[in-house]
Amino acid sequence: MNKSYVIGVDYGSDSVRSVLVDAENGNEISSSVFYYPRWKKGEFCDAASSQFRQHPLDYIEGLETTIKDCLQKAGDQTIGKAVKAISVDTTGSTPVAVNAAGVPLSLLEEFADNPNAMFVLWKDHTSVKEAQEINDHAKKFDVDYLQYVGGIYSSEWFWAKLLHVLRADEKVRQALYTWVEHCDYIPFLLTGGTDASAIRRSVCAAGHKSLWAAEFGGLPPNTFFSDLDPLLDGLTDRLFTDAYTSAEAAGNLSEEWATRLGLSTDVVVGVGAFDCHMGAVGGQIEPYYLSKVMGTSTCDMLVAPKEEVAETLVRGICGQVDGSIIPGMIGMEAGQSAFGDAYAWFKQILMWPVANLLAEAQGIAEDDIAKITDLIDGQLIPALSKKAEALPVTASSELAIDWFNGRRTPDADQTLKGALLGLHLGTDAPRIFRAIVEATCFGAKSIVDRFVEQGIPVKGLIGLGGVAKKSPYIMQTMADVMNMPIRIHKSEQTCAIGAAMFAATAARLYEKVEDAMHAMGQGFEKTYEPRPEMVQIYATRYNRYKEVGGFIESSKA
């Protein structure tokens, strides 16, 4: 039997990873990671103003490098000829301004160093003002154009970012033809697209971030946007009407990219999607099980049969869209704006003296400084976890609010801030770390509560991503706070594997994505069960978390 292989490409916040997979059984043949060099240097970003931009060259260089590396690592030159398809997932909403040919403006010499001409990363919150204007404006219309995105539009999303860039930069405004999500741009690039109007837009991005809905016949009418700001007038004509599931093909690999990668133009390129959506499939999502992709932030995905959801609309989530995760089902998305980022923030605080004082110390060689820094950096979170886990938990223990990067769900509000309280002279680093861990788990529980309150049951949890795999302490806390089991998927790369599953479906190696998921899925490695003795304690602390969060929300400046 001739073997068939597929490639899944997963664009994360810091790096891109490609995996070469046996389409018959999901076995990973090889993988490769490329860290964005410009992003790593902090170029085009300003954390103080919540500006996070990424240069398309980081994406393009990473795409070519990782796929070629996967093929080389496979050690068999015939495998390249047996690759049938490539699919990609990306962070989102991460859109970019392109010209009429579909070229990101920052790839043009005139805009090479202009952050407004680059991809606006999901966690860029420079458009908080614009998001609020969209929310206020939507109330003026008889049709609720926000009904399928939870009723609240976020500064992390497509239209708010577009309006902000148009207002902020006249040169970009004049050169912009249309606005494209990262997950839609990469398939367009791989298929050799030269006409921006021909970009195949994914139903995932369109429905969850762009206000597209089949019930509206596409996007809201031009007047919705032109009445908001004349700068948006006419843009819907240069966007899209149709949207496609990721089980469909965007086209075939172009001659240029086939040559660059050492593949054939017969290779199918699938329609893209967001990382959490493909990650949920890679993690073998089931109806009514909340699949939590846990990384720098979380994306929480839930699927349910259309006939069972019926007219139920869940308020305050990041959208519910027919076919956005699994074609034929309603895909629902929620999430937290900071999860791993909250731990990374605390780690960065603790690393400050190492980074800033050790380098100035006299008599210590540079190599020794580097070794010490790497040692502390690598051991800090595991050591904090071990100490925090051993601490007794009481109703009066230190408490945190996890809105360090605003709140995504429920009820998006990126102006909200995190908090630490209950501190005293006995409070040390492990106790603060424990409070932050608990807060991220409390934030996760508030998402489950919202689904249940609005009529969508949650039967259990599926844990995916780096935090789920690497931190037993955090996962056990999650199970205790949620008072439900959490299954941890075996795969290290559920997003990339999910992309590979969609690639196999787009190439018609499988009739449905569920078939690919069944054949290529790797199963689960562990289940964390809630501990009865901790459930009640965390229930009490969760109520306190809600009280404090409500106070912060009601008293924000």
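Quick note: the coordinates plus some simple rules give every number you see, no bench work behind them. None of these values were measured; they are calculated from a predicted model. Backbone-built Cβ (ideal geometry, glycine too); neighbour counts: all protein chains shown.
Quick look at the numbers
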read-out: Inter-part distance where the range 167-204 and the range 293-362 are each reduced to a Cα centre, Å; value: 25
read-out: Inter-centroid distance (Cα atoms) of the range 27-92 relative to the range 1-18, Å; value: 9
read-out: Rg/Rh for the chain, where both radii come from Cα atoms and Rh is the Kirkwood radius; value: 0.96
read-out: Rounded to whole Hz, the Karplus (6.51, -1.76, 1.60) HN-Hα couplings of the range 116-122, x for glycine and proline; value: 6, 9, 9, 5, 8, 4, 3
read-out: Nearest-20 debye value, the range 131-199 charge dipole, Cβ charges on Lys, Arg, Asp, Glu; value: 160
read-out: Residues with amide H under 5 Å from that of residue 250, placed H, sequence gap 5 or more; value: 269, 270, 271
read-out: Euclidean distance between Cα centres, the range 412-427 to the range 434-504, Å; value: 23
read-out: Under 21 Å from residue 68, Cα to Cα: lysines that are on another chain or at least 8 residues apart; value: 3, 81, 84
read-out: Residue among 287, 343, 303 farthest towards the positive dipole end of the range 242-347, charges placed on Cβ; value: 343
read-out: Within the range 299-358: Cβ-based charge dipole about Cα centre, in debye rounded to nearest 20 (Lys, Arg +1; Asp, Glu -1); value: 360
read-out: Cα-based reach from residue 140 at 24 Å (exclusive), listing lysines while leaving out same-chain residues under 8 positions away; value: 129, 161, 209
read-out: Neighbour-limited loop hits for chymotrypsin sites (Phe, Trp or Tyr not before Pro), the range 71-177 (at most 15 other Cβ within 10 Å; DSSP other than H, G, I, E, B); value: 141
read-out: Over 25 Å (Cα to Cα) - which of 292/470; 347/470; 306/546; 123/306; 445/470; 292/386 fall in this group; value: 306/546; 123/306
read-out: Exposed trypsin sites (Lys or Arg not before Pro) absent: longest stretch of the chain, with sites in DSSP loops and at most 11 other Cβ within 10 Å deemed exposed; value: 141-555
read-out: Listed residue (236, 212, 323) projecting farthest to the positive dipole end of the range 211-331, Cβ model; value: 323
read-out: Using θ = phi - 60° and Karplus 6.51 cos²θ - 1.76 cosθ + 1.60, couplings along the range 87-103 (whole Hz; Gly, Pro as x); value: 10, 10, 10, 9, 5, x, 7, 10, x, 8, 7, 10, 8, 5, 8, x, 8
read-out: Cysteines not pairable in the chain (beta carbon separation under 4.7 Å absent); value: 45, 70, 183, 204, 318, 441, 495
read-out: Dipole magnitude (debye, nearest 20) for the chain, charges at Cβ of Lys, Arg, Asp, Glu; value: 1080
